Amino acid sequence: MTLEGMSEVLSNIQKLQSKLESQMEPAAEAGALVGERYTKEGAPVKTGKLRRSYATRLESKSSDEVVMRTGTDVEYGPDQEFGNSRQSGTPHLRPGFNNHKSEILSTVKKTFEGSL
């Protein structure tokens with residue numbers, strides 16, 4: 001038995017890997033922005049400062065992993081999410097992501113599919 005074309009197969013795999021690696025950050029960002037949108041929609045609003053403050057940024061990136069972080073720099077953000085001794089929390093960050101996992105993953109998948 002003779003196997004021909006193996007170098008072409010390996011070359012195509014390498015090209016595909018390169019394409020996927022180049023789309024990791026855009027795909028992760030697109031998914032994270034879906035969660036950010038739902039976080040903002042669920043955030044308690046008195047002045048709107050907390051809602052406006054949520055932002056998503058790249059935290060780290062390697063050849064096989066991209067980490068995005070969505071958060072706020074508003075000092076009372078954690079109290080709104082988790083509560084404290086004077087108030088119960090109004091969870092919105094965790095539900096913004098946890099309740100919309102399928103949409104987030106679908107967005108990530110579509111970003112990858114669009115690059116192939």
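The values are calculated or read from the model by the stated rules, or taken from the named source; none is laboratory data. Predicted model, so just to flag it, every value in this text is computed and none were measured. Cβ sites come from the backbone with ideal geometry, for glycine too, and all protein chains shown count toward neighbours.
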Just to be sure I understand, how many residues within segment 4-27 are charged (D, E, K, R) and at pLDDT 85 or above? 4
Residue list for segment 91-116, filter: in a loop (DSSP other than H, G, I, E, B) and either surrounded by 15 or more Cβ atoms within 10 Å (Cβ to Cβ) or at pLDDT 95 or above (or both): Pro91, His92, Asn99, His100
Close pairs from segment 44-56: first in contact (Cβ under 8 Å) with a residue 12 or more places away in the chain and outside any loop (DSSP other than H, G, I, E, B), partner of a type in the set (Gly, Ala, Ser) and surrounded by 13 or more Cβ atoms within 10 Å (Cβ to Cβ), Cβ under 7 Å, at least 6 apart: Leu50/Ala43; Leu50/Gly77; Thr56/Ala32
